[in-house]
Amino acid sequence: MAKSLGISPSTIGLYVDRLIADGWLNESGLNQGPMGRPRRLLTTVPEAGWFAGVEFNAHRLQAVAVDFSGRAAASHSIWLPANVTVPAVIEAIHTSVTALAKAMHGQLLSVGLGAPGLVNSTAGIGLRYAFIADWVDVPLVGQIESRLKVPVILENNLRAIALAERWFGLGHDVSDYVILGPRSGFGIAMVMRGQLIEGAHHAAGEVGLWPWPLAGSTGGEQELHHVLSATATWRRLAGVPAGAKLPDDLRAALAEHATMEGTTWDAVCSDFGRVIGFLRLVLDAEIFILHGPLTALGDRFCEAIVAHGRQIMPALQGVPFKVTPSALGDDAGALGAASLAMEAWSPAA
């Protein structure tokens, strides 16, 4: 720890002694190296407290509890009503964290929130989200802190997912990766040189607002998220109209098309390949990690995206280019939000 933090062993020893005395750490023994004084082996105390992570979109809210040792210990989910409103989302967040508390030991230390759309994480405000009509300049952190009486940290939900991949998934051993998030809309989150990218105006990754087709817009065309969201992709693969009712289990419905072939499948893969090919040329990430219901289409879908991207863009020939589905499942955003809370938390002075 002293070497990693760049401070003297005696100083870090004073801090460690205090953390042990306050019940945050345990000393589990000594490790004698080839020379010098033995190193103290430390472990965290799982029951010292816990962190809640909550992530949501227009349809579903997912919450997880992570103990002080960073282990996911409980989860809770709520399907949100059609045409959900801001007050209903606030109530669902409170309900979910309260439900988690019944399964956990110790005190709730902090809450992380992964909110959709544009967020100002510094001010704690949800700025805009197209799929909840009254979601405009929502003082999310203030409202939740007033009810739960603990610090609350806010971030865009895809950027929260990027943290989940760093702590629990495929981003653990890479420094440059991109989260692909086709769900109700389409957005990305970027980690470059180990740093989460937010942007000067909190809008980094809002590629769903690109005009579609990418050749440009004359005012009548759609935006990218209208065509490449998970819901739009299912409707395209299923051959149903744009306004058709969605299945109760979108992931299962998409899985039915995982072995599909033909012009419709190729057109969908080609559209994704074009978009992700552009992103590959701009961002030069080591890996693109697919999240959301489209992971039900599996590795075959991801490999087809890459193949179509290379076909469309000769510059990608021979260039490392990998798209892979995440293994974190529906808890990814909530795990990332809990990671956000863990990273921001510090013991009281």
Qualifying lysines (Cα of each under 17 Å from Cα of Lys102; at least 8 residues distant if same chain): Lys149
Matching label, percent of Cα pairs over 27 Å apart computed from the structure shown, candidates [x] 59; [y] 47; [z] 50: [z]
Per residue accessible area of the range 1-158, 1.4 Å probe, in Å²: 51
The range 129-184-the range 1-22 distance, computed between alpha-carbon centres (Å): 32
Straight-distance crosslink candidates among aspartates and glutamates, where the alpha carbon sits under 19 Å from Lys245 and sequence neighbours closer than 8 are dropped: Glu256
Hits among aspartates and glutamates - C-alpha to C-alpha of Lys322 under 17 Å, sequence gap 8 or more where chains match: Glu165, Asp173, Asp176, Asp271, Asp284, Glu286, Asp299, Glu303
Cβ-defined net charge surrounding Gly49, 12 Å radius [Lys, Arg +1; Asp, Glu -1]: -3
The range 300-329 and the range 187-201: distance between their alpha carbon centers, rounded to Å: 21
Kyte-Doolittle at least 0.0, axis length at least 20 Å by Cα - qualifying DSSP helices, the chain: 86-101, 263-283
Summed residue charge, Cβ within 13 Å of Lys322's Cβ, Lys/Arg positive, Asp/Glu negative: -3
Selection of trypsin sites (Lys or Arg not before Pro), the range 163-240, meeting DSSP coil and at most 10 other Cβ within 10 Å: Arg193
Of all accessible heavy-atom area on the range 159-225, the percent that carbon and sulfur account for (1.4 Å): 53
Relative contact order %, the chain, counting alpha carbon pairs below 8 Å whose residues are six or more apart: 18
Per DSSP, loop GluC sites (Glu not before Pro) in the range 252-326 with at most 14 further Cβ within 10 Å: Glu256, Glu261
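The values are calculated or read from the model by the stated rules, or taken from the named source; none is laboratory data. Source: prediction; values computed, not measured. In this analysis, Cβ positions are derived from the backbone assuming ideal geometry, glycine residues included, and neighbour counts consider all displayed protein chains. Keep in mind that these areas ignore ligands, DNA and RNA; they rest on the heavy atoms of the full protein, side chains included. Shrake-Rupley method; radii C 1.70, N 1.55, O 1.52, S 1.80 Å.
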